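The values are calculated or read from the model by the stated rules, or taken from the named source; none is laboratory data. A quick note: this is a predicted structure, and the numbers were derived from the prediction, not measured. Heads up, the Cβs are rebuilt from the backbone with ideal geometry, glycines too, and the neighbour counts pull from every protein chain shown. Keep in mind that these areas ignore ligands, DNA and RNA; they rest on the heavy atoms of the full protein, side chains included. Shrake-Rupley method; radii C 1.70, N 1.55, O 1.52, S 1.80 Å.
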Amino acid sequence: MKKKILFLVSSMQGGGAERVAALLCNHWTERGHEVVLMPTFSGRGECLYPLNEKVRLDYLADRVGSTSSARWNGLRRLLILRQVMREFKPDAVISFLTHVNVAAILAATGLPCSVVVSERTNPALFELSRFWSLGRHLLYRRARCVVVQTGQVRGWVEANCPGTRVEVIPNPVVFPLPAGEPKVSPVSEVGTGRSVLLAVGRLGPEKGFDRLLQAYGGLATENPEWDLVIVGEGPERSALERQVVELGLGGRVHLPGRIGNLGDWYERADLYALSSHFEGFPNTLAEAMAYGLPSVSMDCATGPSDLITHGRDGLLVPPEDDAYGLGLALSALMKDPVLRSSMGAEAANIRERFDIERVVEQWNEVTGLGGGRHARPG
């Protein structure tokens, strides 16, 4: 039966939550549902992820007509969001990220629509203002369900938002990845005949790329055939570029920026590294594994241990071992092509574990779209 879905997310300008939002909206549209994807960011922005032509992209900022961050404008945005719900009459409202979640629950108060909200990071690691923290504490119990990505986050929500129904749903893994813009050829950066250690993510302090550079710097001389590629863009670019120079790694480290054809880069790589200090659900790690890449990951909170079985399809490094431990693990796989091959073959099994059909069925159950075993009146 055709259903109407209103999907709310802060923006579509890049990030794991936005990528998953696009995947789910595309999938539901392909199944015949009517989907409105509404970015709620006051600055509007643009959508960097490919959307099915039948997904209706409707920016809340266009309806509000103002990008002001003033409190009165926040109230106006909330009232217009409620008006959207009244006009569209969605069967399900799905919301990603805390600020949007609180607003969605408030806007839907008294309306006959089911609201499912989702935390996309580990909330224990982020401090909110008193307003948003109290709103989450008081309002999450009014949602049909709160979706999280790991068991650890589920425990936090249950402890801090009493009376809330919580379900764990991992992110889907799509293989092969659809290609978007900009397209950058791996050959243009590293050529051929080189072994590639790949990392992907926003160039921000949370991703720990500085310690990845430190770890690689200790290995570069004894592994002259290996180059490091860090794909992504962000505020730490200048600092990372300076570190490359200070470590004497010019010509061995490549920072090609944001690219749309990540699948080509996973195919080109020989080994994947995740150096993050924390994660919600490490999408890039899952993608790399789906492409058959053995991976070395810091065992940060949360996510990597939900994906990697240590010693079988990758290696987990205790956070306290920092760059030294990361370097040891990377060295072990760089020097052992047989081990890389066997771990890569095991890693590819993640395609089945987190297949999008399985993940969407879980979403159908918690939202009531599929009438599954968890469905209940909103």
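Here are some notes:
- Here the gap between Asn349 and Glu225, fully extended at 0.36 nm per residue and compared with their Cα-Cα distance, gives a gain of 41.8 nm.
- Using just its DSSP H runs of length 4 or more, each adding -39500 (n - 2.57), the chain gives a mean residue ellipticity at 222 nm of -11500 deg cm²/dmol after division by all residues.
- Theoretical FRET efficiency, 1/(1+(r/R0)^6), r = Cβ-Cβ of Lys54 and Arg130, R0 30 Å, to 0.05: 0.15
- Cα-based helix-to-principal-axis angle, 237-246 vs the chain, degrees rounded to 10: 10 degrees
- Dipole-positive endmost among Ala179, Leu134, Val148 within segment 125-190 (Cβ charges, Cα centre): Leu134
- Placing +1 on each Lys and Arg Cβ and -1 on each Asp and Glu Cβ, with no other charges, gives segment 262-378 a dipole about its Cα centre of roughly 240 debye.
- Set of lysines near Lys3 by C-alpha distance (under 17 Å), chain-local residues within fewer than 8 positions excluded: Lys54, Lys89
- Of the options (i) 46; (ii) 35; (iii) 30, only one is percent of Cα pairs over 34 Å apart as computed from these coordinates, and that is (iii).
- At R0 = 35 Å, FRET efficiency that the Cβ-Cβ distance of Leu247 and Arg76 yields, to 0.05: 0.10
- Counted residue by residue at 0.36 nm each, then reduced by the alpha carbon distance between them, the extension gain from Asp210 to Ser342 reaches 44.6 nm.
- Each residue of segment 141-149 is assigned a 3J(HN,Hα), and the resulting list reads 5, 7, 6, 4, 6, 10, 9, 10, 9 Hz, derived from the Karplus form 6.51 cos²θ - 1.76 cosθ + 1.60 (θ = phi - 60°), x at Gly and Pro.
- Each Lys and Arg contributes +1 and each Asp and Glu -1, all at the Cβ; summed about the Cα centre of the chain, the dipole is approximately 2000 debye.
- Whole-angstrom gap from segment 247-315 to segment 1-64, using each part's C-alpha centre: 27 Å
- Nearest 10 degrees, 0 to 90: helix 337-347 Cα axis against the chain principal axis: 10 degrees
- Seen against the Cα atoms of the chain and their longest principal axis, helix 322-334 is set at about 70 degrees.
- Surface composition of the chain: carbon plus sulfur atoms hold 51% of the accessible area, using a 1.4 angstrom probe and ignoring ligands, DNA and RNA.
- Residues of segment 257-301 with amide N under 18 Å of the 7 Å Cα→Cβ point at Tyr324: 298-299
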